[in-house]
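Asker: Once you've had a glance at the structure underneath, I'll fire off some questions.
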Amino acid sequence: MRETSESANNPVPPVSEVLAKLEAMGVTLPEGRVRLDLYGDSEALSEELLELIRRGRKRAGTSLLWAMEAEGDPLPQAGDVEVVLDHRHEPALVTRIMEVRVLPFDEVTAEYAAIEGEGDGSLEHWRQAHWDFFCRDCKRVGLEPTRRMPVICSIFEVQEILPAPLAPSSTRPP
């Protein structure tokens, strides 16, 4: 599950700002068009999905085409380099997209659901979790979900797992 929208309270930073952070961390990106990506639509879901990627279980993500079109986001393409942001919009991972397919929601296969690696890896789990997610995404962009809604299925390879930024502290050192 991917989330591409901006939050009014925490807007997605510009690519140039994220690239500057990566450079300061000593991270050099591979060649390719650079995109920013986020997973999930809540802090908990974002952290859960990022952890699945870090553990090597999740190697794909799915977006709602209608949401990307509504936001004017370009479609991902094979070869793109994605800097995946956490729920705070801090860089968490660098991936390379290996394959992209746009197809109706109800044509996603069990093989793809297993590569996406969420829940028990079954198509049944994939359909229920993604239906719920895409219903929320459809509502956000003012559309009605259907079993034939177009989704973007992207398979990726992890290029780099970035260290988590230090959480803000509520106490100051003496």
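The values are calculated or read from the model by the stated rules, or taken from the named source; none is laboratory data. All values derive from a computational prediction rather than experimental measurement. Cβ placement follows ideal geometry from the backbone for every residue including glycine, while neighbour counts extend to all protein chains displayed. The protein model used for the area step is the full one, side chains on, heavy atoms only, and it has no ligands, DNA or RNA in it. Shrake-Rupley method; radii C 1.70, N 1.55, O 1.52, S 1.80 Å.
Asker: Considering (1) open to solvent by less than 10 Å² (accessible area, probe 1.4 Å); (2) assigned to a helix (DSSP H, G or I); (3) within 23 Å of residue 36 (Cα to Cα), say which one residue 66 fails and leave the rest.
Answerer: Result: residue 66 fails condition (1) only.
Asker: Filter the stretch 84-106 for residues that are in contact with a Phe, Trp or Tyr (Cβ under 9 Å, 6 or more places away or on another chain) and basic (Lys, Arg) and give the result.
Answerer: Of everything in the stretch 84-106, those that are in contact with a Phe, Trp or Tyr (Cβ under 9 Å, 6 or more places away or on another chain) and basic (Lys, Arg) turn out to be 96, 101.
Asker: Mind counting the residues in the stretch 52-67 that are over 12 Å from the mean Cα position of the chain (by Cα) and either without any contact (Cβ under 8 Å) to a residue 24 or more places away in the chain or within 25 Å of residue 148 (Cβ to Cβ) (or both)?
Answerer: 4
Asker: Here's a follow-up. If we keep just the residues of the stretch 29-63 that are in a helix (DSSP H, G or I) and touching a strand residue (DSSP E or B) at 6+ places or on another chain (Cβ under 8 Å), which is farthest from residue 134 (Cα to Cα)?
Answerer: Among those that are in a helix (DSSP H, G or I) and touching a strand residue (DSSP E or B) at 6+ places or on another chain (Cβ under 8 Å), it is 54.
Asker: Follow-up question, since we're still on this one. If a residue has to be in contact with a helix residue (DSSP H, G or I) (Cβ under 7 Å, 6 or more places away or on another chain) and under 13 Å from residue 97 (Cβ atoms) to count, how many in the stretch 37-60 make the cut?
Answerer: Going through the stretch 37-60 one residue at a time, the tally reaches 2.
Asker: Here's a check for you: in the stretch 17-62, which residue that is among the basic types (Lys, Arg) and open to solvent by less than 40 Å² (accessible area, probe 1.4 Å) is farthest from residue 155 (Cα to Cα)?
Answerer: 35
Asker: For the stretch 101-130, which positions are under 15 Å from residue 150 (Cβ atoms) and either at pLDDT below 95 or not β-branched (Val, Ile, Thr) (or both)?
Answerer: Once the filter is applied, which keeps residues that are under 15 Å from residue 150 (Cβ atoms) and either at pLDDT below 95 or not β-branched (Val, Ile, Thr) (or both), the stretch 101-130 yields 101, 103, 104, 105, 106, 107, 112, 130.
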